[in-house]
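The values are calculated or read from the model by the stated rules, or taken from the named source; none is laboratory data. Bear in mind the structure is a predicted one, so any value in this text is a computation, not a measurement. No Cβ is skipped: glycine too gets one built from the backbone with ideal geometry, and neighbour counts run over all protein chains shown. Ligands, DNA and RNA are excluded from the accessible area calculation, which covers all protein heavy atoms including side chains. Shrake-Rupley method; radii C 1.70, N 1.55, O 1.52, S 1.80 Å.
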Amino acid sequence: MDKPFSQACANNQDIISQMLTSVLADKKRVLEIGSGTGQHGVFFANKLPHLTWQMSDRRQNHEGIQRWMADNPAPNLLAPIALDVLSDAWPTSYYDGIYSANTAHIMPWQAVQAMFTGIGERLLSGGVFCLYGPIKYAGILMAKSNQEFDQWLQQQAPHQGIREFSELDSLAKNAGLKFIQDKAMPANNRLLVWQKTA
Ligand SMILES: C[S@@+](CC[C@H](N)C(=O)[O-])C[C@H]1O[C@@H](n2cnc3c(N)ncnc32)[C@H](O)[C@@H]1O
């Protein structure tokens, strides 16, 4: 079946799943925000069978995600729910893990704010939020590839851009999350992890 394809997902899914294996070792239910093509959901559900993996995204991406699911069914992989973090109602379920890759620099800042607020409301105490992607620190992007990517993002749409760690962490704090881990990943990406406090 013809499916949308992300080369970046194909490149990074192995190393991200290795990280998630330890970060989500004692978790049960994960919500993915901005599942995109659905490749990560399909891959991680297979690699992490102890988790129930709930994909989500804006409606326009659901058909592609369904195609990936149809070709790679798994009992612990749930069909995508419609979740535009700005305009849709969030699921009423609670999760002990939330994961999102390459979304914060694509969404407008207002949506990033809404994403953290929603995460704070839907994460169980002790649950973790894992955010993957390029990150700016103290206003600086060290890697040339990230500087060029940031410029390209802003040329595509002025609301896009690589986000500043301290600003993300401030949103997290306001949502009741404590920063616990920052792992360097290939291609100048990071995996940031916050934990919901009691
Ligand atoms: C660059 S893609 C990343 C997709 C996938 N996570 C990956 O790593 O390949 C950005 C994703 O963010 C989603 N997105 C953008 N704005 C959003 C919003 N307001 N609410 C939820 N998802 C959003 C897009 O639909 C898209 O799936």
Worksheet entry | Spatially proximal lysines relative to Lys196 (Cα-Cα < 18 Å; intrachain offsets below 8 disregarded) | Lys27, Lys28, Lys173, Lys178
Discussion item. How large is the accessible surface of Ile81 in square angstrom, using a 1.4 angstrom probe and rounding to the nearest 10?
Written reply: 50 Å²
Worksheet item: Once you put a point 7 Å from the Cα of Met185 and another 7 Å from the Cα of His159, both along the Cβ direction, what distance in nm separates them?
Response: 2.4 nm
Discussion item. Need the C-alpha centroid separation for segment 79-146 versus segment 48-72, integer Å.
Written reply: 17 Å
Worksheet item: What FRET efficiency would be calculated for the residue pair Ser22, Ser170, taking the C-beta separation as r and a Förster radius of 35 Å, to the nearest 0.05?
Response: 0.85
Discussion item. Per DSSP helix of 4 or more residues, -39500 (n - 2.57); summed, then divided by the residues of the chain. What does that give at 222 nm, rounded to the nearest 500?
Written reply: -11500 deg cm²/dmol
Response to the item:
Here FRET efficiency (C-beta to C-beta, Asn72 to Asn11, R₀ 22 Å, nearest 0.05) is 0.75
Response to the item:
Neighbours of Asp71 by Cβ distance under 12 Å: Lys/Arg at +1, Asp/Glu at -1, summed charge +1
Discussion item. Computing the accessible area with a 1.4 Å probe over protein heavy atoms, can you report the carbon and sulfur percentage for segment 72-198?
Written reply: 53 percent
Worksheet, complete the sentence: Residue-normalised value, i.e. accessible area per residue, for the chain at 1.4 Å probe, in Å², stands at 47 Å²
Worksheet, complete the sentence: Loop-resident chymotrypsin sites (Phe, Trp or Tyr not before Pro) in segment 1-57 with no more than 16 other Cβ atoms inside 10 Å, DSSP not H/G/I/E/B, are Phe5
Item to complete: Within the set of other residues whose C-beta is less than 15 Å from the C-beta of Lys144, count the net charge using Lys and Arg as +1 and Asp and Glu as -1.
Response: -1
Practice prompt. Set Lys and Arg Cβ to +1 and Asp and Glu Cβ to -1, take the dipole of segment 7-196 about its Cα centre, and tell me which of Phe149, Gln110, Thr92 lies farthest positive.
Written response: Thr92
Response to the item:
Subtracting the Cα-Cα distance of Tyr94 and Ala82 from 0.36 nm times their residue separation yields 2.7 nm
Worksheet item: Cα centroid distance between segment 173-195 and segment 1-42, in Å?
Response: 16 Å
